[in-house]
1. List the residue pairs whose Cβ atoms are under 6 Å apart, where the first residue sits in segment 34-47 and is charged (D, E, K, R), the second is assigned to a loop (DSSP other than H, G, I, E, B) and modelled with pLDDT of 85 or more, and the two are 6 or more positions apart or on different chains.
2. Please give the strands (runs of 3 or more DSSP E) falling wholly within the chain in which 2 or more residues are at pLDDT 85 or above and surrounded by 15 or more Cβ atoms within 10 Å (Cβ to Cβ).
Amino acid sequence: MEITVNGEKRLYDGPATSLGHLGPMELRPGLVVVERNRQVVPRNQMEKETIKEGDAIEVVRLVRGG
């Protein structure tokens, strides 16, 4: 399955979830916002939200500071 993550094409072997693809990126779910096809995925849905062929995923890391 081919999807786009932060503007880069990536291949995945099978079904994935919004939360599942964060592991290989070494990101903690509580510190990021995930958008799937221009729609924010609520944190409580990240584990259930299925990513499909051709989806565009944007991951934004939250940082502290001013």
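The values are calculated or read from the model by the stated rules, or taken from the named source; none is laboratory data. These numbers were taken from a predicted model, which means no experiment stands behind them. Because the Cβ atoms are built from the backbone with ideal geometry, glycine has one as well, and the counts that use them run over all protein chains shown.
1. Arg36/Asp55
2. The strands (runs of 3 or more DSSP E) meeting that bar are 2-5, 32-36, 56-61.
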